[in-house]
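Shown next, in structure tokens, is the structure this report addresses.
Since every read-out is calculated from the coordinates, none of them should be taken as a lab result. A quick note: this is a predicted structure, and the numbers were derived from the prediction, not measured. Positions of Cβ are generated from backbone atoms using ideal geometry, with glycine treated the same way; all protein chains shown enter the neighbour counts.
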């Protein structure tokens, strides 16, 4: 009989984790609805805050206990009770990873510091991450769920055409004048499409032309 998948705990990503002057950790902005957490024995407030921030990605309690043990001597039951209280307060959720199916596959396409940063940041997302930089790189919707186009202000025309023909969703991420620009998310056949005209990339709504 297959073993049941372990429970995964996740903090509401809309809830910030803040350090308070009184030594408590606050989850949430609004003082009227925020949850205050006192560090259990063996953890400082800063260590607890870092631990809670790691819950922005669904995490089993055993992994959370392993992380906590790296910072000091923390009782596993105390940590489990703390997480249970967060679930009861409505700022965290408990679920299970599906035993079937595959993790989402994301490919970061680009060559430069931004694509390198994106690859490292996405590795903790639980998705399968790949990185390509060659202009002749090919993708199919069967192998990739999302392509992140990075490092270039103007997406490679051939790559964009291939993504549309293969029906692969893609998301441009770039930096212009020191400001990060994300989007739009393009889902071929459903929303706005990135159309390439000469050296410029423009957004155009899919429309019918009358003859």
Estimated FRET transfer efficiency when R0 is 35 angstrom, pair residue 187-residue 63 (beta carbons, to 0.05): 0.60
For peptides 18-24, 161-167, sequence by mean Cβ density within 10 Å, most packed first: 161-167, 18-24
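Using the number of other C-beta atoms within 10 angstrom as an exposure proxy, rank 117, 79 with the fewest first.
Values: 117 13, 79 21.
Fewest-to-most Cβ neighbours within 10 Å comes out as 117, 79.
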Just to be sure I understand the curve: with the Debye formula and one point per C-alpha of the stretch 7-96, what is log10 I(q)/I(0) at q = 0.23 Å⁻¹? -1.21
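Pull out the extension gain between residue 75 and residue 111, defined as 0.36 nm times the separation in residues minus the alpha carbon to alpha carbon distance; nm, one decimal.
Details: separation 36, 0.36 × 36 = 12.96 nm, distance 4.50 nm.
Extending this stretch completely gives an extra 8.5 nm.
As an exercise, use a Förster radius of 25 Å and the Cβ-Cβ distance of residue 137 and residue 176 to find the FRET efficiency, rounded to the nearest 0.05. Display every interim value, and only then the final one.
Numbers: r = 24 Å, r/R0 = 0.94.
According to the calculation, E is roughly 0.60.
Given contacts defined as C-alpha pairs under 8 Å and at least six residues apart, what's the relative contact order of the stretch 129-189, whole-number percent? Don't skip to the end; give the middle numbers.
Details: 83 pairs, mean separation 19.2, N = 61.
Reported as a whole number, the value is 31 percent.
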Could you tell me the ratio Rg/Rh of the stretch 113-183? Both radii from Cα atoms, Rh via Kirkwood. 0.94
